[in-house]
Amino acid sequence: MRLTVVGCSGSMSGPASPASCYLVQADGVDPGGRRRTYSVLLDLGPGAMGALLNHVDPAALDLVAISHLHADHMVDLIGMQVYRRWHPDGGLAPLPVLAPSGALARVRGVGGDDEAEDYAGEFTFSEHVPGTAVQVGPLRIESFPVNHPVPAYGIRVSGPSSRPGGPAEVSLAYTGDTDACDGVVALASGVDLLLSEAAFQEGRDTVRGVHLTGRRAGEVAASGGVRRLVLTHLQPWTDPEVVRAEAQGAYRGPVDIAAAGAVWTL
């Protein structure tokens, strides 16, 4: 299983990266017995659609999972709709989209199209259901409610190990946007890689119920016994090394900072 950062800038696109978008891939066998690569996208924020073209043909995606419906995590679904409807090779099959309730209305509002445009030809929407896994080839996707001002979900993806001699199955957890809560602790429990937002900074951002700090992300990683912590969703005005140091004060494992184009192989 491989994680590729398409975009990781927090709350907006930044000078070095689009906003939130993460590509998870694993090789498997399709129902016809042919080997292929399965591709799942976690969020699709501003600027991510263009950057995605550097990593995978959007026509090859199997699922898009949207953590929540704030614009910095979903607005480039409009670009995906255009790509799928108007591709010169002909309209592409509807792409499954796993999202919170109300996603279709939210996308329609961003797109600004008339009522005749229902997006049914481009997307098939389904809602996150905690406790119920979605299987995409060898990848298993699970949803965990987390603490944010709008309905939001952390997403856990489990799949085959890419490393010879490694465990048969590995897992990663993506927090989406959340403050500390029971849901994010359950999400992170025992994963090989925790991709955690850390949009807030200790001593600078005091409002609660919105985002994690580096320290709180480190505490989640430590309590969950995760093997690696990757901090993401840092706004352009934040010094990554300050947030990394906060996390390292609470978590003894390796702490990385997400960057556009970075890849982790599990």
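Residues that are touching a residue at least 60 places away in the same chain (Cβ under 8 Å) and in a loop (DSSP other than H, G, I, E, B) within region 238-265 comprise THR238, ALA258, ALA259, ALA260, GLY261, ALA262, listed in sequence order. Note on region 14-46: residues that are surrounded by 22 or more Cβ atoms within 10 Å (Cβ to Cβ), more than 14 Å from the chain's Cα centre (by Cα) and assigned to a loop (DSSP other than H, G, I, E, B) amount to 1. Go through region 72-94 residue by residue and tally those that are free of Cβ contacts under 8 Å to residues at least 24 places away in the same chain and among the β-branched types (Val, Ile, Thr). Count: 1.
Being of a type outside the set (D, E, K, R), in contact with a strand residue (DSSP E or B) (Cβ under 6 Å, 6 or more places away or on another chain) and under 29 Å from ASP179 (Cα atoms) is the filter here; which residues of region 61-98 pass it?
Our first condition is that a residue be of a type outside the set (D, E, K, R); within region 61-98, this holds for 61, 63-71, 73-75, 77-83, 86-88, 90-98.
Keeping just the survivors that are in contact with a strand residue (DSSP E or B) (Cβ under 6 Å, 6 or more places away or on another chain) gives 61, 63-68, 94-98.
Of everything in region 61-98, those that are of a type outside the set (D, E, K, R), in contact with a strand residue (DSSP E or B) (Cβ under 6 Å, 6 or more places away or on another chain) and under 29 Å from ASP179 (Cα atoms) turn out to be LEU63, VAL64, ALA65, ILE66, SER67, HIS68, PRO96, VAL97, LEU98.
Scanning region 169-190 for residues that are free of Cβ contacts under 8 Å to residues at least 60 places away in the same chain, within 14 Å of LEU139 (Cβ to Cβ) and more than 15 Å from the chain's Cα centre (by Cα) yields one hit, GLU169. Would you confirm whether any residue within region 156-167 is touching a residue at least 40 places away in the same chain (Cβ under 8 Å), surrounded by fewer than 16 Cβ atoms within 10 Å (Cβ to Cβ), at negative phi and not small (Gly, Ala, Ser)? The answer is yes; a qualifying residue exists. Annotation: of all residues in region 168-195 being over 14 Å from THR265 (Cβ atoms) and of a type in the set (Ser, Thr, Tyr), the one that is surrounded by the fewest Cβ atoms within 10 Å (Cβ to Cβ) is SER189.
Since every read-out is calculated from the coordinates, none of them should be taken as a lab result. These numbers come from a predicted model, not from an experiment. For neighbour counting, all protein chains shown are included, and Cβ atoms are generated from backbone atoms with ideal geometry for every residue, glycine included.
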